[in-house]
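Below: one structure, written as structure tokens.
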Amino acid sequence: MRAASAIAAILFLSATSAFAQSPAGVQAATSTPQAPAAGTPAKWLFGAAVNTYVLPEESNFAQPIIKADRGWLHLETRYNYEARDSGSIWAGVNFSGGDTVEWAITPMFGGVIGDTDGVAPGYEGSLAWRKLEFYSEGEWVFDAGDSADSFFYNWSELSWAPVEWFRFGLVTERTRLYQTDRDIQRGLLFGGSYKRLNVTAYVFNPDDAKPRWVLSAGISF
């Protein structure tokens with residue numbers, strides 16, 4: 001836990017000095033960036049988040065994520081995401097549009113190294129209408145050591161924001177980060193934001209005797 005938090009801090013400081021971006025309102029963990037309007041100079045948009053998994057029968061762990069965007073370019077790095085004690089680096093292309101219904105999609109390609117080694121095509125995307133938003137991210141990890149260990153990961157959520165600073169909704173996850181009897185975890189989410197900060201609590205399988213929690217805290221620039 002302490003090691004993962006330290007890695008998150010190191011990545012955060014490194015990315016801040018590397019990009020020297022202007023402030024922007026990009027959420028760190030739950031949305032894809034909007035492409036700039038035609039003729040508007042592209043600026044670096046930056047977000048960092050740490051997701052903390054609280055598990056009833058396994059050790060808790062932290063999952064730091066850093067994202068950087070400039071116009072069409074998307075860069076991202078993750079740790080403890082595809083597998084424990086494994087990191088990944090991503091590059092992708094941002095697309096967005098819509099008026100009444102706003103959409104954004106970022107196809108990506110990444111490399112994974114650590115306890116799991118391989119390559120992974122993936123995506124991040126969102127669809128928003130009024131106060132309702134659907135967000136999804138997924139990837140197919142091709143394990144370089146053993147093709148039988150290749151797998152598809154997905155995180156999807158549907159949320160409603162009755163006020164600008166609060167949202168709640170449903171979430172699903174397909175992962176190999178921890179052991180369960182279910183292939184797809186499902187649960188509830190409750191999130192709040194203040195200026196550049198956002199915090200969200202997820203409870204998976206709330207009908208179980210020992211549900212699993214994910215606590216996410218992010219900041220954007």
* Asked: What residue, among those in segment 90-108 that are assigned to a strand (DSSP E or B) and exposed (fewer than 14 other Cβ atoms within 10 Å of the Cβ), is nearest to the chain's Cα centre (by Cα)?
  -> Ala91
* Quick one: would you say Arg70 is loosely packed, with under 14 Cβ neighbours inside 10 Å, basic (Lys, Arg), at pLDDT 95 or above and farther than 29 Å from Asp208 by Cα? -> no
* Is there any pair linking a residue in segment 193-221 that is free of Cβ contacts under 8 Å to residues at least 24 places away in the same chain to one that is part of a loop (DSSP other than H, G, I, E, B) and surrounded by 15 or more Cβ atoms within 10 Å (Cβ to Cβ), with Cβ under 7 Å and at least six apart or on different chains, and which? -> Val203/Pro211
* **Condition check for Tyr194: buried (at least 17 other Cβ atoms within 10 Å of the Cβ), modelled with pLDDT of 95 or more and not aliphatic (A, V, I, L, M)** => no
* **Criterion (surrounded by 19 or more Cβ atoms within 10 Å (Cβ to Cβ), in a strand (DSSP E or B), of a type in the set (Val, Ile, Thr) and in contact with a strand residue (DSSP E or B) (Cβ under 8 Å, 6 or more places away or on another chain)) met by exactly one of Thr200, Thr116** => Thr200
* Some residue of segment 44-57 being at pLDDT below 95 and outside any strand (DSSP E or B) -> yes
* Take the residues in segment 113-149 that are of a type in the set (Ser, Thr, Tyr) and at pLDDT 95 or above, then tell me which one is farthest from Gly97 (Cα to Cα). => Thr116
* Asked: Just a yes or no: is a residue in segment 159-166 within 17 Å of the chain's Cα centre (by Cα) and over 14 Å from Phe204 (Cα atoms)?
  -> yes
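The values are calculated or read from the model by the stated rules, or taken from the named source; none is laboratory data. Just so it is clear, the model here is predicted, and its values are computed rather than measured. Positions of Cβ are backbone-derived with ideal geometry, glycine not excepted, and every protein chain shown enters the neighbour counts.
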